[in-house]
1. Build a GNM of the chain with springs between Cα atoms under 10 Å: which of Gln191, Gln209, Gln279 gets the top mean-square fluctuation?
2. For region 144-246, run through the trypsin sites (Lys or Arg not before Pro) and keep only the ones in DSSP coil with at most 14 other Cβ atoms within 10 Å of their Cβ.
3. Restricting to region 170-313, what percent of DSSP beta bridges are antiparallel, rounded to 5?
4. So in the chain, what percent of DSSP beta bridges are antiparallel if you round to the nearest 5?
5. Would you compute the Debye intensity of the chain from its alpha-carbon atoms alone, equal scatterers and no solvent, and pass along log10 I(q)/I(0) at q = 0.12 Å⁻¹ to two decimals?
6. Among Leu123, Leu69, Leu312, Leu193, what is the fewest-to-most ranking by other Cβ atoms within 10 Å?
7. Quick one: Cα centre-to-centre distance for region 66-87 and region 1-38, in angstrom?
8. Counting other beta carbons within 10 Å of each residue's own, what order do Met1, Met198 fall into, fewest first?
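Values in this text are rule-based calculations from the coordinates and carry no lab data. Everything numeric in this text was worked out from a predicted model, so none of it was measured. Virtual Cβ from ideal backbone geometry, glycine too; neighbours counted across all protein chains shown.
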Amino acid sequence: MKVTITGATGRVGARLVERLRARGDEVTVLSRSPEGARGRLPDGVEAFAWDPKTGPAPVEALTGRDAVLHLAGEDVGQRWSEEVKREIRGSRELGTRNLVEGLAAAGAKPAGGGPGAQPRPGLLVSASASGYYGPRGDERVDEAQGPGDDFLAQVCVAWEREARRAQDHGVRVVTVRTGIVLDKEGGALAQMLTPFRMGVGGPIAGGDQYMPWIHLDDEVGLLLAALDSPTFSGAVNASAPEPATNKAFSRALGKAISRPAFAPVPGFAIKALFGEMAQIVTEGVRMVPGRAGELGYAFVHPDLDEALRDILS
């Protein structure tokens with residue numbers, strides 16, 4: 001299979017590239033720094049320069065490929081200023097729009113006649129996030145529910161809308177709404193490990209908010225399933241079958257590293273530190289993967305205790 005990937009040097013993207021190359025797929029990446037990407041990715045990966053905010057994706061990186069996996073986007077895990085919020089939204093909305101413009105051009109016939117262009121990719125797998133649903137308390141939320149109305153929900157709605165425009169060009173579209181990806185090398189889990197190992201970890205803001213988590217291996221596994229199976233289309237929630245409350249997650253993490261997990265962190269302290277971004281950890285959504293099982297995906301790490309043991313071993 002010939003696959004083009006954006007966001008290939010991120011935690012999920014890098015693991016995905018490894019899995020694709022290991023099984024013999026041909027991988028092309030789009031990066032603002034192609035030389036840097038080549039240095040960080042396995043041998044044989046082709047890299048093209050592309051800034052998602054400045055124009056359409058390069059046709060030569062898309063023409064003749066079977067699929068595109070679009071994972072690029074500004075990190076939401078930082079204090080939100082108005083400028084940062086514009087970057088978070090623009091990197092997803094405008095970036096996806098420019099990617100789809102490149103897809104459209106990839107299948108267009110050459111000007112002035114002559115032989116037709118090679119076919120454009122038939123599949124776009126685009127990242128989205130559990131933030132699509134907004135805070136929902138203890139309500140179980142699957143793909144049948146509509147979006148929330150907060151900032152992150154609005155970002156996800158715009159992000160997915162731009163991805164669906166590829167359908168106008170005959171491209172099948174899958175949007176993968178990802179929860180918290182568990183990986184000790186980065187993300188939420190890596191940030192939690194230091195205080196927990198020091199014995200000062202514990203639930204945040206009361207701990208009743210839900211965390212839709214997923215092991216990195218299952219996140220990549222779902223992306224590969226979306227790539228390989230023609231039955232995947234539309235929105236698919238990427239989270240373990242049973243989300244955990246922040247309190248339950250804290251207990252499980254403490255158990256996994258043999259440290260106490262009883263030092264509560266008040267919500268006001270998190271808000272003072274992170275501002276509006278604090279809602280990611282002080283509010284939650286009980287997102288469940290309603291469609292993954294129906295589409296034939298079997299989670300490798302459905303149990304939180306086992307998942308943490310595997311990651312931290």
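1. Taking springs between Cα atoms under 10 Å, the residue moving most is Gln191.
2. When the trypsin sites (Lys or Arg not before Pro) of region 144-246 are filtered for loop state and at most 14 Cβ neighbours within 10 Å, Lys184 remain.
3. Around 20 percent antiparallel, to the nearest 5.
4. Expressed as a percentage, antiparallel bridges in the chain total about 5.
5. Log10 of I(q)/I(0), two decimals: -0.80.
6. Details: Leu123 22, Leu69 30, Leu312 13, Leu193 17.
By the 10 Å Cβ count, ascending, the order reads Leu312, Leu193, Leu123, Leu69.
7. So the two Cα centres are separated by 18 Å.
8. Working: Met1 14, Met198 10.
Starting with the residue having the fewest Cβ neighbours, the order is Met198, Met1.
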